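The values are calculated or read from the model by the stated rules, or taken from the named source; none is laboratory data. None of the values given here were measured: they were computed from a predicted structure. Glycine also receives a Cβ, built like all others from the backbone with ideal geometry; neighbour counts cover every protein chain displayed. Side chains included, ligands, DNA and RNA excluded: accessible areas come from the protein's heavy atoms. Shrake-Rupley method; radii C 1.70, N 1.55, O 1.52, S 1.80 Å.
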Amino acid sequence: MKVVGKPLPKVDASAKVTGRAIYADDMLPPRTLHCRILRSPHPHARILSIDTSAARRIPGVLAVITGADLPVKFGILPVTQDERALEHEKVRYVGDPIAAVAATDEEIAAAACDAIAVEYDVLEPVMSIDAALREPKDERIQDYGGPNNIHKLVALEFGDVEGGFAHAETIREDVFFYQGNTHLPMEQHSAIATYLDGKVTLWSSTQVVHYVHRALSKVLELPMNRIRVIGAAHGGGFGGKTDPFAHEIIVCKLAMLTGRPVKCTLTREEVFYAHRGRHPVLMWVRTGVAKDGRITAMHFRTALDGGAYGSYGVASTFYTGALQTVTYDIPAYRFEGCRVFTNKPPCGPKRGHGTPQPRFALELHLEKIARDLGLDPVELKRRNFVQPNTRTVNWLRVTSCGLDECVDRVMQASGYATREKRIGHGMGFAVSTYLSGAGTAIYWNDMPHSEVQIKVDRGGVTAYCGAMDIGQGSDSVLATIVAEELGLQPADVRLVTADTDTTPIDLGSYSSRVTFMAGNAAVEAARKMRAMLVEATAAKMGCEASAVEVGDGRIGDFSFEEASVLAEARFGTLTSAGSYTPPRIAGPYKGSGVGPSPAYSYSACVVDLDADERTGLVSVNKIWIAHDVGRAINPLLVEGQVEGSVYMGLGEALMEEQTFRKGLHKWPSMLEYKSPTFLDMPEVQTFIVETVDPEGPYGAKEAGQGPLLPVPPALCSAVYDALGVWIDEIPVTPEKVLEALRRKSKGEPARYGPPMFPPIPYPPPIKVEPPPKDLDHASAAAI
């Protein structure tokens, strides 16, 4: 291949580093109005009245709206349409939007918000998982779900779990907690809308142009053909911009009322309250193993603190239990999950959506079992690895799997097996897996998940796709694939993306889906275009099409421009289209739509650190990480994604936490919310493992999320290796390390973590038979 597999610069790199990229907040059309949103100061309250008269009298204010103007509810999932763009009946967290103002400048809009008088009946807030499980003192947060403030309960059982435990030589139980944290993108959420000739146009910093389009149609009660959504240049999302947001709907409504462009850019504090970040999750794990360390059965329970609204929460709940079996061969598995509502900003998907929390628990739990048995933790895990071309007990299909090679690479490079043993220095190991796109759409249908169109016009190539580049390099991937097939360079391919009027559908940038799904669609479209160019050239050359070589800007004996003229003369307008729909591989049970993916990536990680037993400070020296990417379309971008994942995983492991006091975020600013800086980043050595997946574009799989997952458990394992104490919750702060050391010195269990898992009224599990042994594991056909 000529360009696939080459470490080329991003196609948008120059525009971004020179400041020429146009972000939503850069846009300022003539006569633009500025929007500010009045938000609730209370975590839980009934709204008795809203008086906007004083705000409307302020000079420069052109419009004031409340929930009465936008009464239709919306949400990202069909089963959780529970949000309003502006609440007029009840607020459920500090920051819930109540009213919005459009004015000639931001200062006037802010003053008008201050002039709005809201009368509340303050209710008792629910601020923890334990409190949500109890009967509320005043009233429930939402009017669905239950009992109490439970949002969702899940109970599934695969295989003979009790029989597996009965045959186990050793059974161990552990409890873990993973604190919630937020995405912290460099760019705040921003949106600007216009209303012209009866049509709304929205430019937004979003990851999901398609789903914003749907939400606007529903709430504004307009047909989708009267709404256009365009993804502006993107300054980072990490999952935090995968919901439709209130400010996107509000600016559209204000533009409709005023007839002028309206812009809203959230403050950094508002971004913390908009949130949709990592769920705080409490986990209980019970596993039985044979004498040789092979797993005989596992029982996994999770309790998620979901915040005030549904968001992706139902899917998040399933994800905390779905993928354990895709890393380890578990013959019998029971999963029970519970998500609760609390009066905090709603949680949703953050890089790795729902899977870093159980990965943290599972990796440390298996390491503890290995130490109980006197086995090497690495060896115990390797004995239980899944194999390629198999089905898991919960019906998930594994195609390619490079786990063993990933482990080999980090073991050899790090010298883990021969590491120096001294107090204060430690090394830890963990593995993980992640999706290459969700196998089912949010709204179940038979349509493709990704579509690409290509136009060739007198030598110019343009690719159209609804995918949104959020910094992960999806534009570069699309350009590279089209260039590879047409014998060009990525810079030769123009891109039109993320525009609901001009591009075919793509469901969005989430679940590491774009390379696999939009990439496959691009391959199909590009090969159709290539076939037309080759046929026309072969006819001119008087030879078979198979004899025409494509590459280096030439089609056979002709330059690409000359070949495109020949093809246009032969076929007329040169256009082609490709699409991708994942195989139907979900299992035969309710809830099986969460977890299936056309392919899974795999990672292995070793962390080297020093831990000071006097101060509790942890200093990471180096990280080795290997990632099974299938095939690296662009190795430079893959390394960037892997190292970005490591950075984010370190932040979660050591310092980041979304915590609250009396309903208020304790540190809603980049000054106080700690995340790693350049000075905190250790050396990272990245290994790209290529297993060439049979269904990925050129064999590619995901690279943007999976490498985060093994970092937190590997770090905690290294802390134990250094100091002999387990920190069974994230983040690992100096205070927790010192408390664990104090307990160890007094002869108490040498750990810091949650003492117990609460009683939760899980329903009886749905019992599912494992897939039959003679199932064609490699087949992509429907079950």
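Per residue, the solvent-accessible area of the chain (1.4 Å probe, heavy atoms of protein chains only, all protein chains present) comes to 36 Å². Summing +1 for each Lys or Arg and -1 for each Asp or Glu, what net charge is found among the other residues whose Cβ lies under 10 Å from the Cβ of residue 728? Spelling it out: positives minus negatives among the neighbours equals +1.
When the dipole is taken about the Cα centre of the range 448-580, and only Lys, Arg (+1) and Asp, Glu (-1) are charged at their Cβ, what size is it in debye, to the nearest 20?
160
First obtain the Kirkwood hydrodynamic radius of the range 436-505 from its Cα pairs, then insert it into the Stokes-Einstein equation at 10 °C and 1.306 mPa s, and state the resulting D in µm² per second as a whole number. It comes out at roughly 121 µm²/s. Normalised by the number of residues in the chain, the mean separation of alpha-carbon contacts (under 8 Å, six or more apart) gives a relative contact order of 16 percent.
Over the residues of the range 218-336, compute the C-alpha Rg and express it relative to 2.2 N^0.38 Å. Don't skip to the answer; put the middle values down first.
Details: Rg = 21.5 Å, N = 119, 2.2 N^0.38 = 13.5 Å.
The value comes to 1.59.
What separates the Cα centres of the range 577-635 and the range 500-522 is a distance of 20 Å. Residues whose amide H falls under 5 Å from that of residue 450, counting only those 5 or more places apart or on a different chain, are 580, with hydrogens built in the peptide plane. Computed 3J(HN,Hα) for the range 169-180, one whole-Hz value per residue from the Karplus formula 6.51 cos²θ - 1.76 cosθ + 1.60 where θ = phi - 60°, is 7, 9, 10, 10, 10, 9, 10, 9, 9, 10, 5, x, glycine and proline marked x.
The alpha-carbon of residue 137 sits under 22 angstrom from the alpha-carbons of these lysines, leaving out residues fewer than 8 places away in its chain: 90, 152, 344, 662.
Cα convex hull of the chain: how many Å³ per residue? Walk me through the numbers on the way to the answer.
Details: hull volume 125.3 nm³, N = 783.
Hull volume normalised by residue count: 160 Å³.
Taking the protein heavy atoms of the chain in the context of the full set of protein chains, the accessible area attributed to carbon and sulfur is 51 percent at 1.4 Å. Taking θ as phi - 60° and the Karplus parameters 6.51, -1.76 and 1.60, the scalar couplings of the range 579-592 work out to 8, 9, 10, x, x, 7, 10, 5, x, x, 7, 5, x, 6 Hz in sequence order, x denoting glycine and proline.
Under a Cβ-Cβ cut-off of 12 Å, what is the net charge of the residues other than residue 474 that fall near it, where Lys and Arg count +1 and Asp and Glu count -1?
Around residue 474, the surrounding residues sum to -3.
The Cα-based radius of gyration and maximum Cα-Cα distance (Dmax) for the range 633-736 are 16.9, 52 Å.
Within the same chain, lysines fewer than 8 places from residue 701 are excluded, and of the rest, those with a Cα less than 25 Å from its Cα are 2, 6, 10, 241, 350, 381, 528. What is the distance in Å between the Cα centroid of the range 122-147 and that of the range 37-83? So the separation of the two Cα centres works out to 23 Å. Taking only the Cα atoms of the range 448-580, the ratio Rg/Rh comes out at 1.00, with Rh defined as the Kirkwood radius. Evaluate the relative contact order of the range 111-251 (contact order divided by residue number), counting alpha-carbon pairs under 8 angstrom at least 6 apart; express in whole percent. This gives 18 percent for the range 111-251. For the range 121-221, the equivalent ellipsoid built from the Cα gyration tensor has semi-axes of 42, 23, 17 Å, listed from largest to smallest. By the combined test of axial Cα extent (at least 15 Å) and Kyte-Doolittle hydropathy (mean at least -1.0), the qualifying DSSP H helices of the chain come to 209-220, 246-258, 356-373, 403-414, 474-486, 514-541, 560-571, 635-654, 711-723. The length gained on full extension between residue 28 and residue 447, counted as 0.36 nm times the residue separation minus their Cα-Cα distance, comes to 147.2 nm.
Listed as lacking a disulfide-compatible partner in the chain: 113, 252, 338, 347, 401, 406, 465, 543, 605, 716, by the criterion of no other cysteine Cβ under 4.7 Å.
Just report the Cα centroid separation between the range 680-738 and the range 376-408, whole Å. Using only Cα atoms, the two centres lie 17 Å from each other. In summary, the lysines within cross-link reach of residue 773, defined as a Cα separation below 22 angstrom excluding same-chain residues under 8 places away, comprise 590.
Highest mean packing first, where packing is the average number of other Cβ atoms within 10 Å per residue, the peptides 763-772, 157-166 line up as 157-166, 763-772. Amide hydrogen proximity for residue 87: with H placed 1.01 Å from N in the peptide plane, the residues at 5 or more positions away or on another chain lying under 5 Å are 98.
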